[in-house]
Amino acid sequence: MSELSSPGGQPLIIDDAKEGVFRVHRLAYTSDELFEREQREIYDHCWLLLGHESEISQPGDFKTRTIALRPIIFCRDDAGEVRAFINSCPHRGAELCREIEGNRSIFHCMYHSWTFKNTGEVHTVRAEDGFTGGFRREDFSLKEVPRIEIYRDFVFICFDPDAPDLVTYLGNVARYIDFLADQGGDGMEIVEGTQLYAARANWKLQMENVIDFYHTVPLHTSYFRFLEGTGADISGGVGGAGYDLGNGHSAVHFKAPWGRPVARWEPRWGEVEKVRLEALRADIEARIGPERAEMVCDWDCNILVFPNLTVADVVALVVRVVNPITPDMMEITQWCLAPKGEPEEARARRLHAFNTFLGPGGFATPDDIEVFEGSQRAFGAHRELPWSDFSRGYYGEATRPEAEVQSDYEGQHRAFYREWARRINGRISDRVDLAALREAAAE
């Protein structure tokens, strides 16, 4: 595979530890060639979230999704096994299942009326006696995704049959998924309902955003004014720590000045809720120990699972998948995750927080989309302004104690782009002529 670089042979990434400079060429957001390389070298080989087991809790349940530009049937067959099929009839290719969700044992193709069991086998072939010669039913079973594995009820698929197993791929980010899953003593569930929206911008801008706390207070001013009105003290901003977890994965976590649906109480919630949260914390400590319970109960956390999954455990617990459509278009699908058996009032408060902050019409998301789309328009000038900078906090990154890695530093962004460049074989320079860059920027 040839090494990709920007026009004129410049690198796609400058990663210069000596000068403390990390920059990404803005062609990364606009190039058709790079987009195609991403699809083939990243999305064809990485583990991608398909869904959560709670979404298909009963035999026969199914959802239809698009993953890496491929239509997928996510289902539980009649024997209870979780499966993932390409949503295309093996006969002539018609979209097989045209509903978003439902429950059925048999999938029916509207084109020629073939039917298929939810285990994948052909059920009926209309006018089958007209097929002669080498026709065999087993040649027309539904095409299963090559790999499907489950971690803590999160269902992942991979289109590469030779990829490492899921646990190996997740590596250090698995313990952060554990922090999410440990919130519910009876397990976790996706709350019914899906939010789907789009942005006319490159998918990587959303991935950058969720682990970027440098932007939070300056951009989301309306939300922080709202918080001030509730009595929250935000004078110190949003602090915390960010971590490179390997394999392109990362996390940022912090103690924020707002209530937390797991165990951080706010007076306006009332004394009854205080008692419930104290009991919930005691249960969590008994199940997983006080040290892990502190992370679960006291710390807000955003995680990024390379390439396109984020989970924001902030004012609510939001699972978000970013699907690249074109270099300048992404679709975003998100769900609310919650403990099973959560009291109705607590669930209502959780959903209110989910919608008012991170929903498509909430306080934060419209701000973010406006920046994404404005940035994408501005990237049209990549010949004149070729670089985006992720240098904040680079000096001393390798030797700084873990507890001192602040989340408004950008080590987590550098981790993402190093993995991105490695997978697409993008050219990286470890040296930069700062004088030349300054001179070019001034022209």
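The values are calculated or read from the model by the stated rules, or taken from the named source; none is laboratory data. In this text, all values refer to a predicted model and were calculated from it rather than measured experimentally. A quick note on method: Cβ atoms are made from the backbone with ideal geometry, for glycine too, and the neighbour counts reach across all protein chains shown.
Suppose we keep only residues that are part of a loop (DSSP other than H, G, I, E, B) and in contact with a helix residue (DSSP H, G or I) (Cβ under 8 Å, 6 or more places away or on another chain) within the range 163-192. Which one would you say is surrounded by the most Cβ atoms within 10 Å (Cβ to Cβ)? Filtering first and then ranking leaves 183. Applying the set (1) in the same structural domain as residue 412 (by TED's automatic domain parsing); (2) surrounded by fewer than 20 Cβ atoms within 10 Å (Cβ to Cβ); (3) not in a strand (DSSP E or B) to residue 197 leaves exactly one unmet item: (3). Residue 83 passes every criterion in (1) more than 13 Å from residue 143 (Cβ to Cβ); (2) out of contact with any helix residue (DSSP H, G or I) (no Cβ under 9 Å at 6 or more places or on another chain) apart from (1). Taken over the range 113-130, the criterion of being assigned to a strand (DSSP E or B) and among the hydrophobic types (A, V, I, L, M, F, W, C) is satisfied by 116, 122.
Restricting the range 131-141 to residues that are more than 20 Å from residue 104 (Cα to Cα) and part of a loop (DSSP other than H, G, I, E, B), the residue that is nearest to the chain's Cα centre (by Cα) is 136. If the condition is being touching a Lys or Arg at 6+ places or on another chain (Cβ under 6 Å) and either small (Gly, Ala, Ser) or crowded, with 17+ Cβ neighbours inside 10 Å (or both), then the range 103-135 contributes 113, 122. For the range 77-97, a residue qualifies if it is free of Cβ contacts under 8 Å to residues at least 24 places away in the same chain and within 20 Å of residue 333 (Cβ to Cβ), and exactly one does: 87.
Reported count of residues in the range 148-162, each being part of a strand (DSSP E or B) and free of Cβ contacts under 8 Å to residues at least 60 places away in the same chain, is 1. Considering 326, 310, the condition of being in the same structural domain as residue 279 (by TED's automatic domain parsing), surrounded by fewer than 20 Cβ atoms within 10 Å (Cβ to Cβ) and within 29 Å of residue 420 (Cα to Cα) is satisfied by 326 alone. The set of residues in the range 347-371 being within 18 Å of the chain's Cα centre (by Cα) and either of a type in the set (A, V, I, L, M) or modelled with pLDDT of 95 or more (or both) consists of 358, 364, 369.
Here are some residues: 235, 250. Which one is hydroxyl-bearing (Ser, Thr, Tyr) and at pLDDT below 85? Talk me through it step by step, then tell me what you get.
On the way: 250 fails: at pLDDT below 85.
It is 235.
Has the range 213-224 got at least one residue that is modelled with pLDDT of 60 or more, under 30 Å from residue 167 (Cα atoms) and in a strand (DSSP E or B)? Among the residues of the range 213-224, not one is modelled with pLDDT of 60 or more, under 30 Å from residue 167 (Cα atoms) and in a strand (DSSP E or B), which makes the answer no.
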